[in-house]
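Rule-based calculations on the coordinates, nothing more; no lab input. What you see is a predicted model; the values in this text were computed from it and never measured.
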Ligand code: UDP
Ligand code: MG
């Protein structure tokens, strides 16, 4: 294994033909300036345009470009994962093709990595370039996922971060098919340092996300990292059944003791309805409890991620 690069930059691309020349024009000089060997792993995520052809042209000029060509569009998360699995560097950085992740930060990321950080996370200082609606929905999403899951995902961070080889090796131990990378990166842990930057608008082309995709993305995130939505039903059920019971007692009291009589049958009907609904929801919740455990087991994630095992006399 000679010629292993120090740095791998991984770029998922879907229909980015017009962006590629601008991208390499800015990225390659920066990578050369770092003075380290590097590779750029470009994942062609089922592009309909000439992305692949353009990449191949650039590969003739820069042999450091590796192209991972997917058979169809698998979506950004899967494409990025495929690229990360292929990357050989000691430090690995995912990057968006549209230059919204400024490559100028790579130098500083490498400095921090040299000083011992295992993850150097780039966080947006402001989200000015997003629409108000996107900012608001993103906020709600982070609020929800961080309160109902055990991981904490830093808001305003994307996939743009430097990761040490050990982090990528840990990543490979997660066999799940639904990949919510931001959550997975957060779940992995490791010594993380944060640098701030301002996210510029897209350089060329159009965003590949729409609200339908974002909604599914958010659902993937929540269901991959929390079973709260499955389990909440037992509690709602207990609440409803409890209320129904109280209401039933009130009705019985009113009829038998105070002698009130509404429409005949209404009170008993109402109580039975509420109570049985409560029971059904409790049942659903119990199923949810088991299902959530089956779900966790089938994901087959490792119990813990070990950074390194230190043995006596083997310190380096
Ligand atoms: N992308 C991809 N597959 C997809 C959608 C997007 O590989 O199905 C890539 C896209 O080419 C870009 C990156 O993911 O390099 C981020 O996409 P985009 O800039 O459209 O997302 P945004 O910045 O709007 O969140
Ligand atoms: Mg973008």
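Taking a temperature of 20 °C and a viscosity of 1.002 mPa s, what whole-number D in µm²/s does Stokes-Einstein yield for segment 175-311 with Rh from Kirkwood over alpha carbon pairs? List each step's numbers first, then the result.
Details: Rh = 20.2 Å.
My calculation gives 106 µm²/s for D.
For the chain, modelled as a GNM whose springs connect Cα atoms under 10 angstrom apart, the maximal fluctuation among 78, 53, 186 occurs at 53.
Between helix 266-299 and the chain there is an angle of about 30 degrees, using the helix long axis and the longest principal axis of the Cα atoms.
For the chain, the spherically averaged projection of the C-alpha convex hull amounts to 23.6 nm².
The angle separating the long axis of helix 19-33 from the principal Cα axis of greatest extent in the chain is about 60 degrees.
Semi-axes of the equivalent ellipsoid for segment 91-178, computed as √(5λ) from the eigenvalues of its C-alpha gyration tensor and ordered from largest down, come to 24, 19, 12 Å. Short to long, the 10 Å bins of the Cα pair-distance histogram for segment 128-193 hold 17, 47, 29, 6 percent of all pairs. Debye calculation, C-alpha points only, no solvent: report log10 I(q)/I(0) for segment 227-294 at q = 0.25, 0.26 Å⁻¹, in the same order as the q values. The Cα Debye sum returns log10 ratios of -0.94, -0.98.
May I ask you to derive the relative contact order of the chain, considering only C-alpha pairs under 8 Å and at least 6 residues apart, and to give it as an integer percent? Please report the intermediate quantities before stating the final value.
Values: 461 pairs, mean separation 55.7, N = 316.
Over the chain, the number comes to 18 percent.
Measuring nothing but how far apart in sequence close Cα pairs (under 8 Å, 6+ apart) lie, relative to its length, segment 1-138 scores a relative contact order of 32 percent.
In angstrom, the C-alpha Rg and Dmax of segment 1-52 are 12.5, 36. Divide the volume of the convex hull around the Cα atoms of segment 42-106 by the residue count and you get 102 Å³ per residue. Stokes-Einstein diffusion for segment 169-230, with the hydrodynamic radius set to the Kirkwood value over Cα pairs and evaluated at 10 °C in a medium of 1.306 mPa s, equals 110 µm²/s. By DSSP, the beta bridges lying fully in segment 111-200 are antiparallel in about 40 percent of cases. How large is log10 I(q)/I(0) at q = 0.17, 0.22 Å⁻¹ when the Debye formula is applied to the Cα atoms of segment 1-93, each weighted equally and without solvent? Taken in order of the listed q values, log10 I(q)/I(0) reads -0.68, -1.12. Averaging 1/r over every pair of different alpha carbons in segment 163-202 and inverting the result gives a Kirkwood radius of 12.0 Å. Between 216, 146, 181, the GNM of the chain built on Cα springs shorter than 10 angstrom shows 216 fluctuating the most.
Rg over Rh of segment 114-246, using C-alpha atoms and the Kirkwood radius, what does it come to? Please list the in-between numbers first.
Details: Rg = 18.1 Å, Rh = 17.2 Å.
That ratio equals 1.06.
Computed over the alpha-carbon atoms, segment 21-169 gives an Rg to Rh ratio of 0.97, Rh here being the Kirkwood radius from the mean inverse distance. Within the listed set 32, 196, 16, the residue fluctuating most in the Gaussian network model of the chain (springs between alpha-carbon atoms under 10 angstrom) is 32.
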